[in-house]
There are 2 protein chains.
Amino acid sequence: MSKAEILIIDDEPQIRKLLAINLESNGYKVLQASTGKEGIILSASHPPDLILLDIGLPDKNGHEVLKELRSWYNKAIIILSVQDNETDIISSLDNGATDYLTKPFRIGELLARIRAAIRRNNTDENKTTATFSDLKIDFTARTVSKSNTVLKLTSTEYNLLSLFARNEGRVLTHQFILKEIWGIAYQTETQYLRVFVGTLRKKIEDNPNQSKHIITASGVGYRFI
Amino acid sequence: MSKAEILIIDDEPQIRKLLAINLESNGYKVLQASTGKEGIILSASHPPDLILLDIGLPDKNGHEVLKELRSWYNKAIIILSVQDNETDIISSLDNGATDYLTKPFRIGELLARIRAAIRRNNTDENKTTATFSDLKIDFTARTVSKSNTVLKLTSTEYNLLSLFARNEGRVLTHQFILKEIWGIAYQTETQYLRVFVGTLRKKIEDNPNQSKHIITASGVGYRFI
DNA sequence: AACATCTTTACAAAATCTTTATACAACACG
DNA sequence: CGTGTTGTATAAAGATTTTGTAAAGATGTT
């Protein structure tokens, strides 16, 4: 249905290509950036599910890129590096990297580490599914069913519902939701949110006029139950 | 903050000792097991914050131990192995391992990976709530429940109640409340306060005529209990 | 091109906030 | 005791803000 998105930040085109081919053939959607700056802009305007970051970039020091990303981006960041340097590894992990792999890496291992990182990220307690009365969300397959029929959701709709489901019962502010789904650059675009909450309600609620799952907290945000 | 507890499951005493010394000198509390069986029993009776599991154990295959642990244990498990075997790494990660390190490993890197794993685990919500007889306020979820049903409060009503709750038992002057909720320019608008205290009482009190939670201090302000 | 999806605009509907009006209670004072 | 004053409570009308929805335009994908 909808694919997990991975952003590659690496200056070497042949590495990017190798990664992209392997990731795409494993069902991921791939975004690419050749510089740290480009990577930051891309992820700010559309946060991916995971970032592969080469630590040896030409424009910025990879460590700085990592720090800058971590100031708002809270999903997985896996560091790739030609350096098998312990100081580098330690500082990367302590600056919030999810994992650190040394080039040349084995592609099978990388894919497994990506799966592990995404699995951890997408679930609160390693849960792969969540059920809310007639609604069932499968986080690994990225599908949603209502009364045992699979719903047709767009990628953004799924991301939004998934965010709601992972924060059941909690009021999520407009700002927070926009930051998580659209990126830090979209924090003020509350109208997007209204439109997408509208389409989601049409799809998941029995009676969209009287929403049972998505509760609006006027002036603040939304709450999912 | 108490010490994080780490369980080492490894059959080689000298490795256990090396690890234990390093971990303890870094502020962790260390538990040890020399077999898979022993490790499972130990972690079941007192779940540690992280498990270091040697995949090459004498009694059970390490992969089986991992699977068994993962059926109920959802914190971090880092695999240690003499094998730099890709199949092994992939299956470990896919079976729920948090990380995989090949012996001989660098102790600094191991410590950094342990820190990263524990950090990720602790991001789970430390939710703060306050209870006043039948009334429960969840500050992280931004919700208020009365007898286990969530109340529908407007944003201002919630802010007011939250202010009261954070200053339980203390008389808050009109001025102070107005300044906190509406801003410094509204210090004289005491009528707002009467209206909102009124609506709040209707929602949180069993008998609004005989207010149990919000007590008026005539001429001064209000007090919450 | 055909299609799906996202973004933007416009307007109606609903919720919330502000203001006004009125009633009541406590109290001091002649 | 009656009267005026002060402070509080409540309802309800009016104003404003926020939200919901449809639909057109833009963008991207197959």
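As an exercise: evaluate B:K152 against (1) surrounded by 14 or more Cβ atoms within 10 Å (Cβ to Cβ); (2) charged (D, E, K, R); (3) in contact with a helix residue (DSSP H, G or I) (Cβ under 9 Å, 6 or more places away or on another chain); (4) at pLDDT 95 or above and give the number of the one condition it does not meet.
(1)
Might you check whether a residue that is in contact with a Leu (Cβ under 9 Å, 6 or more places away or on another chain) and without any contact (Cβ under 8 Å) to a residue 40 or more places away in the chain occurs anywhere in the stretch B:173-180?
Yes: the stretch B:173-180 contains one or more residues that are in contact with a Leu (Cβ under 9 Å, 6 or more places away or on another chain) and without any contact (Cβ under 8 Å) to a residue 40 or more places away in the chain.
Only one of these is surrounded by fewer than 16 Cβ atoms within 10 Å (Cβ to Cβ), assigned to a loop (DSSP other than H, G, I, E, B) and touching a Phe, Trp or Tyr at 6+ places or on another chain (Cβ under 9 Å): B:P47, B:P58. Name it.
On the way: B:P58 fails: touching a Phe, Trp or Tyr at 6+ places or on another chain (Cβ under 9 Å).
Residue meeting the stated conditions: B:P47.
Where residues in the stretch A:193-215 are loosely packed, with under 14 Cβ neighbours inside 10 Å and more than 23 Å from the chain's Cα centre (by Cα), which of them is farthest from DNA strand C (Cβ to nearest atom)?
So the residue we want is A:D206.
Of these, A:L93, A:L53, A:L69, A:L42, which one is in contact with a Leu (Cβ under 7 Å, 6 or more places away or on another chain), crowded, with 21+ Cβ neighbours inside 10 Å and not small (G, A, S)?
After ruling out the rest, the residue left standing is A:L53.
Which of the residues that make up the stretch B:196-225 are near DNA strand D (Cβ under 9 Å from one of its atoms) and aromatic (F, W, Y)?
Across the stretch B:196-225, the qualifying residues are B:F196, B:Y222.
In the stretch A:80-131, what residues are in a strand (DSSP E or B), without any contact (Cβ under 8 Å) to a residue 60 or more places away in the chain and more than 10 Å from chain B (Cβ to nearest Cβ)?
Residues of the stretch A:80-131 that are in a strand (DSSP E or B), as a first pass: A:80-81, A:99-102, A:129-131.
Those still in the list that are without any contact (Cβ under 8 Å) to a residue 60 or more places away in the chain too: A:81, A:99-102, A:129-131.
Correct list: A:S81, A:L101, A:T102, A:T129, A:A130, A:T131.
What are the pairs, 6+ residues apart or on separate chains, where a residue within the stretch A:196-212 that is within 14 Å of another protein chain (Cβ to nearest Cβ) has its Cβ under 6 Å from a residue that is modelled with pLDDT of 95 or more and away from DNA strand C (no atom under 13 Å from the Cβ)?
Taking only residues 6 or more apart or on different chains, the pairs are A:S211/A:R201.
Looking at (1) within 14 Å of chain B (Cβ to nearest Cβ); (2) touching a His at 6+ places or on another chain (Cβ under 8 Å); (3) within 21 Å of A:V144 (Cβ to Cβ); (4) within 11 Å of DNA strand D (Cβ to nearest atom), which is the one condition that is false for A:L193?
A:L193 satisfies all of (1) within 14 Å of chain B (Cβ to nearest Cβ); (2) touching a His at 6+ places or on another chain (Cβ under 8 Å); (3) within 21 Å of A:V144 (Cβ to Cβ); (4) within 11 Å of DNA strand D (Cβ to nearest atom) except (1).
Quick one: A:Y28 ticks every box in (1) among the hydroxyl-bearing types (S, T, Y); (2) crowded, with 22+ Cβ neighbours inside 10 Å; (3) closer than 15 Å to A:L110 by Cβ except a single one, so which number is it?
Here A:Y28 clears every test but (2).
The values are calculated or read from the model by the stated rules, or taken from the named source; none is laboratory data. All values derive from a computational prediction rather than experimental measurement. No Cβ is skipped: glycine too gets one built from the backbone with ideal geometry, and neighbour counts run over all protein chains shown.
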